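Some notes on the structure that comes next.
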Amino acid sequence: MTLADDDVRVHLAPRKIAPGTHLIQDVQHALGQPLSVYLNSMVIQGAEPIIVDTGSARNREAWLQDVFGLVEPQDVRWVFLTHDDSDHTGNLAQVMDACPNATLVCSWTLVERFANAYDFDLNRCRWVNDGESFDAGDRTLVAVRPPVYDSPATRGLFDTSTGVYWAADAFASPVPGGPGASPVGDVADLDPEAWWGGMVMFGLHALSPWLSMVQKKKYARCVRQVRAHGMTTIASGHSAVISGASVAQAFDMLGNLAGAEPPPCPDQAVLEMMLRAMGGE
Ligand SMILES: [Fe+2]
Ligand SMILES: [Fe+2]
């Protein structure tokens, strides 16, 4: 039995979250729960259009249709890659081939880690480290590493013109919505306890298990520094949209992850229980 056997995929159309800023949405159903996990990426239209992360290979056909329904391939000027995980790099080669005028905004770390899987044309790369920015014609974009991440290459992207922060994997949390159902789209509609529980589960078991080892004061300073950019909307690869009053709440929760006690990580007994529930024995 594979996960795909149990999957009823839902296609969610691109969602506008700010002027010219669109979420490219994909969902994966959480293992053994009536929950879903977003696998989002983003398109910023503007004087110099930007694709932010490139989705997963499994969703390639829909992803390419969604993205190029918003921007013509030859108009894409920038492709910003947050890090080297497969759910963010799944259509990188297809995008760079389709978009001859695009520069790939990445870093030494990303190239070093991902050159085994993608043949980087260094002439088309621009390396941007944490805290550095680049100009995209009508806006300045700042690379801001979120406090929580699963690759040392990770940098989020803050659009100073709209206040939207693309947080890479940070703020990841599952949302209600099982196979065939549309998942919750805004964190304001989540049960606060379920939101916190999901963020702890994902934050400590799927992203940054080292959070249990960090000095809380230093970590809190890092969270404050990221927050100080003044983002008004947070889009994440793996969260419902965070906006309005939820932004402050989300940063408070992110800050509380250091020292939080995660539930037990699912083990072989859980796998066997899931297989029985799925009728896979
Ligand atoms: Fe990741
Ligand atoms: Fe991810």
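The values are calculated or read from the model by the stated rules, or taken from the named source; none is laboratory data. Every value quoted in this text rests on a predicted model; they were computed, and no experiment measured them. No Cβ is skipped: glycine too gets one built from the backbone with ideal geometry, and neighbour counts run over all protein chains shown. Ligands, DNA and RNA are stripped out before the accessible areas are found, and what is left, the full protein with its side chains, is counted by its heavy atoms. Shrake-Rupley method; radii C 1.70, N 1.55, O 1.52, S 1.80 Å.
In region 179-191, which residues are among the small types (Gly, Ala, Ser) and open to solvent by 60 Å² or more (accessible area, probe 1.4 Å)?
Taking region 179-191 and keeping what is among the small types (Gly, Ala, Ser), we get 180-182, 185, 188.
Ser182, Ala188, listed by residue number.
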Open item on the list: Just to confirm my filter: which helices (runs of 4 or more DSSP H) fall fully inside region 1-102 and include at least 3 residues that are open to solvent by 30 Å² or more (accessible area, probe 1.4 Å) and at pLDDT 95 or above?
Closed with: 60-68, 92-98
Task: Residue identified as touching a strand residue (DSSP E or B) at 6+ places or on another chain (Cβ under 6 Å) and either open to solvent by less than 80 Å² (accessible area, probe 1.4 Å) or more than 16 Å from ligand 2 (Cβ to nearest atom) (or both) among Ala194, Ala240 - done: Ala240
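Which count do you get for residues in region 200-237 that are outside any helix (DSSP H, G or I) and within 16 Å of ligand 2 (Cβ to nearest atom)? Even if it seems obvious, please write down each step before you answer.
First, pick out the residues of region 200-237 that are outside any helix (DSSP H, G or I): 208, 213-215, 228-237.
Adding the requirement that they be within 16 Å of ligand 2 (Cβ to nearest atom) leaves 208, 234-237.
Final tally of qualifying residues: 5.
State whether the residues of region 113-136 include one that is within 16 Å of ligand 2 (Cβ to nearest atom), touching a residue at least 24 places away in the same chain (Cβ under 8 Å) and open to solvent by less than 80 Å² (accessible area, probe 1.4 Å). Even if it seems obvious, please write down each step before you answer.
Narrowing region 113-136 to residues within 16 Å of ligand 2 (Cβ to nearest atom): 113-114, 117.
Checking the rest, the ones that are also touching a residue at least 24 places away in the same chain (Cβ under 8 Å) come to 113-114, 117.
Going one step further and asking which of them are open to solvent by less than 80 Å² (accessible area, probe 1.4 Å), we end up with 114, 117.
Checked against the condition, which is being within 16 Å of ligand 2 (Cβ to nearest atom), touching a residue at least 24 places away in the same chain (Cβ under 8 Å) and open to solvent by less than 80 Å² (accessible area, probe 1.4 Å), region 113-136 yields at least one hit.
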- [ ] Search region 156-178 for residues being open to solvent by 10 Å² or more (accessible area, probe 1.4 Å) and in contact with an Asp or Glu (Cβ under 9 Å, 6 or more places away or on another chain), and hand back the single one that is modelled with the highest pLDDT.
- [x] Ser161
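For region 77-86, which residues satisfy the criterion of being under 22 Å from Asp159 (Cα atoms), within 11 Å of ligand 1 (Cβ to nearest atom) and not hydroxyl-bearing (Ser, Thr, Tyr)?
If the condition is that a residue be under 22 Å from Asp159 (Cα atoms), within 11 Å of ligand 1 (Cβ to nearest atom) and not hydroxyl-bearing (Ser, Thr, Tyr), then His83, Asp84 are the ones that fit.
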Open item on the list: Just checking, does region 137-149 include any residue being among the aromatic types (Phe, Trp, Tyr), open to solvent by 10 Å² or more (accessible area, probe 1.4 Å) and either modelled with pLDDT of 95 or more or not in a loop (DSSP other than H, G, I, E, B) (or both)?
Closed with: yes
